[in-house]
Amino acid sequence: MVSSPTQHPAIIRTERGLTIAGTRITLYDVMDYVTAQYPSKFIRGLFNLTNEQINAALTYIEENRAEVEAEYKLVLKEAEELQRYYEEKNRDLISRLAAQPVKPGQEAVRAKLQAAKAKFEVRS
């Protein structure tokens, strides 16, 4: 990632990348919702940000769109690679756990989890 210092005091560069000062929230977290066209009020509430923090983040993204999008693409690529790695690494464990019988009294919980999983997979 680019390691140039930022010119905006509300946006700082940490080991995690471009971050909203005083939080652990990166601009890449915010970009997930910006690219999905969520309203700023929703994003602010989701991350429990102040008006000043969300405005600073959105302004920085807009003023530095090319840089932020380039870094965002790298972050997404790294996340996909990590997901593939851990899915492969844990494939056997996940299979063994899925094959275990349901414990007595847990049937309703398991059914609810399976329904939620199926609903999530339909959205994806």
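Structure data summary
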item	result
Residue selected from segment 1-24 under the condition outside any strand (DSSP E or B) and touching a Ser or Thr at 6+ places or on another chain (Cβ under 8 Å), by the criterion modelled with the highest pLDDT	R16
All positions within segment 101-121 that are surrounded by 10 or more Cβ atoms within 10 Å (Cβ to Cβ) and in a loop (DSSP other than H, G, I, E, B)	V102, Q106
Tabulated pairs, segment 27-39, first within 12 Å of L76 (Cα to Cα), second surrounded by 11 or more Cβ atoms within 10 Å (Cβ to Cβ) and of a type in the set (A, V, I, L, M), C-beta under 6 angstrom, 6+ apart or interchain	Y28/V75
Condition check for R91: exposed (fewer than 11 other Cβ atoms within 10 Å of the Cβ), among the charged types (D, E, K, R) and closer than 30 Å to V34 by Cα	no
Qualifying residue in segment 63-83 (condition: of a type in the set (S, T, Y) and under 20 Å from R16 (Cα atoms))	yes
Failed condition for I54, given (1) closer than 16 Å to I11 by Cα; (2) without any contact (Cβ under 8 Å) to a residue 12 or more places away in the chain	(2)
Per-region count, segment 16-42, residues aliphatic (A, V, I, L, M), more than 14 Å from the chain's Cα centre (by Cα) and surrounded by fewer than 16 Cβ atoms within 10 Å (Cβ to Cβ)	1
Any hit, segment 41-56, residues being modelled with pLDDT of 95 or more and touching a Ser or Thr at 6+ places or on another chain (Cβ under 6 Å)	yes
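The values are calculated or read from the model by the stated rules, or taken from the named source; none is laboratory data. Remember, it's a predicted structure, so these values are computed and weren't measured experimentally. Heads up, the Cβs are rebuilt from the backbone with ideal geometry, glycines too, and the neighbour counts pull from every protein chain shown.
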